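Asker: Okay, handing you the structure first.
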Amino acid sequence: MANSEYEYVKREFEFDRHLPASNWIVVRIDGCHFHRFSKIHAFEKPNDESALKLMNACATSMLEKFPDIVFAYGVSDEYSFVFREETEFYQRRESKILSLCVSYFTSVYVMKWKDFFPNKELREPPYFDGRVVCYPNMKTILDYLAWRQVDCHINNHYNTCFWMLVMSGKTEKEAQQTLKGTFSKDKNELLSQQFQINYDNEPAMFRKGSSVYREKVETKLKTDNYGNPIKRTRMAITVSNVDIIGPDFWERHQYILREEEKYRYEYVKKFDNIHRLPRCNWAVVRISACQYDQFSLIHSFDKPNDETALRLMNASASLMMERFPDIIFAYGFNNEYSFVFQENTELYQRHERLILSSCSSCFTSFYMMKWKEIFPYKELVQPPQFDAEVLCYPKPKIVCDYLSWRQAECHNRNQYNTCFWMLVKSGIGENEAHEILKGTLSKDKNELLFQQFQMNYNNVPAMFRKGSCTYRQKVGKIAEVEDKGVAKEQWDVAVAHMDMGPEFWRKHPYIFNSK
């Protein structure tokens, strides 16, 4: 980390919220605006089998990626992931766990879309919000999962009746009125008498949802000298559509969770505490790519900077500002981006987890969907994943100092990396290059670049040295507003590479004064 006068913004304002020890962690992911998303992509009603299978494939990838997830349960556009009680994943840091889960899930969703919808173009980036809930014992976990499956049954039962009525010619309002106040047996009778449908014969995936877990399976390795098979038991991820409310499933799979004697589920909602960001504070969401060294190596990014990869980050940030009008400014370099929300934002009623998860997921989705445009000749072979954290600052000056700190970090990292990779490209080993640069100051690095490589660091592209500022700027006026004769100002998202000192903020006072 760079030593600078701005580092106090980290010491005094960044706090990690660690989830309590010896608690089971549940991350529940929900699709954002999926009513619109499903309409745009013409999903079948009441259930689209391909869409559900895509969600299941994403959940399977989650279990493959994160070994500490022991069980997952999904229905419609929702999935719950249960982490083992003693997990130390990211030292149980809430923001890291939540943002990484929604980001990776989103990334896989976009990446696998063509596998399940080969003839349907992805017309809008999907994104998800999420929440983290801690449960103190296995009984509450079982009750939580029972609650979600009961919800699955109630919602699917209603939706099956609703869409059958609509398809038979009723309007949506008429269908809602018909079903108002009905019980389960009433809905069964309606389906049977009007549509000759036995609800119990509907596909189990629709009625019971999907459970994803590791199943013990025997595989034949070889045969011995007498022709007898030699088998080995291994754990394989499986998707099933079974009853998880009663004890039968858990008795057969005691290695996942232990059997409990009583199953109540409504009370589990009380554990789901909502943390809202403090009022009259500027919220900053900082998003960072995970395992980026590996990702950049797999995709052969240029060192020390890949201009195309940085343009992809900037394009994703610009789309974030279009999607979320409350973002007034963004700053990014290398594999990270910080988004500043206006002081009085009411996005998600300032619900921290929803802001954090939706931003992480949305950024991931934009990154995925823009990949082909920015890298037309480079295949995306590994899904990217981003973690995020939310910070709050009470004054614009502190926000400016935060941004200056990130820009100082950009300078220090880039200067070091420029020297490091120039040394490596000259034939010096990576360990030796680190040793040469150990303890050097900024002027030492400038001298090294000039004397050994005839390079003036100040002539390196500004995007590499200063990072990227993304903000709105006025581009003119559009047609007059009807009957008022007042021209409306037109704004556009701009990306610039400049110092964020006092002069920048004097030239752009509207950024912190935007309403």
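Asker: Determine the alpha carbon to alpha carbon distance for each of K10/K507; K65/K378; K65/K112; K10/K370 and list only those over 20 Å.
Answerer: In this structure, K10/K507; K65/K378; K10/K370 exceed 20 Å between Cα atoms.
Asker: Let me check something: with ligands and nucleic acids excluded, how do D387, D248 order by accessible area (1.4 Å probe), largest to smallest?
Answerer: D248, D387
Asker: Where does the charge balance sit around Y457 when Lys and Arg score +1, Asp and Glu -1, over other residues with C-beta under 14 Å from its C-beta?
Answerer: +3
Asker: Let me check against my output: what whole-number percent is the relative contact order of the stretch 296-351, with C-alpha pairs under 8 Å and at least 6 apart?
Answerer: 24
Asker: If I require 18 Å or longer along the helix axis, counting alpha carbons, and a Kyte-Doolittle average no lower than 0.0, what helices from the chain are left? Use full DSSP H segments.
Answerer: Helix filter hits for the chain: 49-65, 94-116, 138-167, 307-323, 352-374.
Asker: Continuing with this model, one more query. Using a/c under 1.5 as the rounded threshold, could you call the stretch 292-339 rounded, prolate or oblate? The axes a ≥ b ≥ c are square roots of the C-alpha gyration tensor eigenvalues, and prolate needs a/b larger than b/c, oblate otherwise.
Answerer: Prolate, since a/c reaches 1.5 and a/b exceeds b/c.
Asker: Right, another one. For the chain, what is the accessible area per residue in Å² when the probe is 1.4 Å?
Answerer: Each residue of the chain exposes 50 Å² on average to a 1.4 Å probe.
Asker: In square angstrom, rounded to the nearest 10, how much accessible surface does E174 have for a 1.4 Å probe?
Answerer: Solvent-accessible area, nearest 10 Å²: 90 Å².
Asker: What full-extension length gain, to one decimal in nm, is calculated for E322 and A21 as 0.36 nm per residue of separation minus the Cα-Cα distance?
Answerer: 104.4 nm
Asker: Another question about this same structure. Would you tell me the accessible area of H351, worked out with a 1.4 angstrom probe on the heavy atoms of the protein chains, in Å² to the nearest 10?
Answerer: Approximately 10 Å² of H351 is accessible to the 1.4 Å probe.
Asker: Taking Cα pairs under 8 Å and at least six residues apart, what relative contact order does the chain come out at, in percent?
Answerer: 18
Asker: Would you mind getting me the FRET efficiency between Q473 and L441? Use the beta-carbon distance for r and R0 = 35 Å, nearest 0.05.
Answerer: 0.45
Asker: Using a simple spin-label model with points 7 Å from Cα along the Cα→Cβ vector, what separation in nm is obtained for F195 and A494?
Answerer: Spacing of the two 7 Å Cα→Cβ label points: 5.6 nm.
Asker: Let me ask something else about it. Quick one: order E352, E49 from most to least accessible surface, probe 1.4 Å.
Answerer: Listed by decreasing accessible area, they come as E49, E352.
Asker: When the helix-only estimate is applied to the chain (DSSP H runs of n ≥ 4, each -39,500 (n - 2.57), divided by the residue count), what is the mean residue ellipticity at 222 nm, nearest 500 deg cm²/dmol?
Answerer: -13500 deg cm²/dmol
Asker: Separate question: Out of residues 5 or more away from E215 or on other chains, whose amide H comes under 5 Å of its own, with H placed 1.01 Å from N in the peptide plane?
Answerer: Amide H neighbours of E215, under 5 Å, 5+ apart: A236, I237, T238.
Asker: Sort 10-19, 326-335 for me by packing, meaning the mean count of neighbouring Cβ atoms within 10 Å per residue, highest on top.
Answerer: 326-335, 10-19
Asker: Moving to a separate point now. Which value, in Å² and to the nearest 10, is the accessible area of L319 when all protein chains are kept and the probe is 1.4 Å?
Answerer: So the heavy atoms of L319 present about 40 Å² to solvent.
Asker: How far is it, in nm, from the label point at K372 to the one at K173 when both lie 7 Å from their Cα along the line to the Cβ?
Answerer: The modelled label-to-label distance comes out at 4.2 nm.
Asker: Would you please give the residues with an amide H less than 5 Å from that of I328, counting only those at least 5 places away or on a separate chain, with H modeled from the backbone geometry?
Answerer: V340, F341, Q342
Asker: Calculate, in nm to one decimal, what E14 and V150 gain on full extension: separation in residues at 0.36 nm each, minus their alpha carbon distance.
Answerer: Stretched fully, the E14-V150 segment lengthens by 45.0 nm.
Asker: Now for a different question. Compute the signed sum of charges (Lys and Arg +1, Asp and Glu -1) over the other residues within less than 14 Å, Cβ to Cβ, of P46.
Answerer: -2
Asker: Follow-up. Suppose R0 equals 30 Å. What FRET efficiency, 1/(1 + (r/R0)^6) with r the Cβ-Cβ distance, do K220 and R252 give to the nearest 0.05?
Answerer: E(calc), rounded to 0.05, equals 0.85.
Asker: Ignoring any ligand, DNA or RNA, what whole percent of the accessible area of the chain comes from carbon and sulfur when the probe is 1.4 angstrom?
Answerer: Its accessible area is 48 percent carbon and sulfur atoms.
The values are calculated or read from the model by the stated rules, or taken from the named source; none is laboratory data. Remember, predicted model here, so these are calculated numbers, not experimental data. Methodologically, a virtual Cβ is constructed for each residue, glycine included, from the backbone with ideal geometry; neighbour enumeration extends over all protein chains shown. The accessibility values were calculated without ligands, DNA or RNA, using every heavy atom of the protein model including side chains. Shrake-Rupley method; radii C 1.70, N 1.55, O 1.52, S 1.80 Å.
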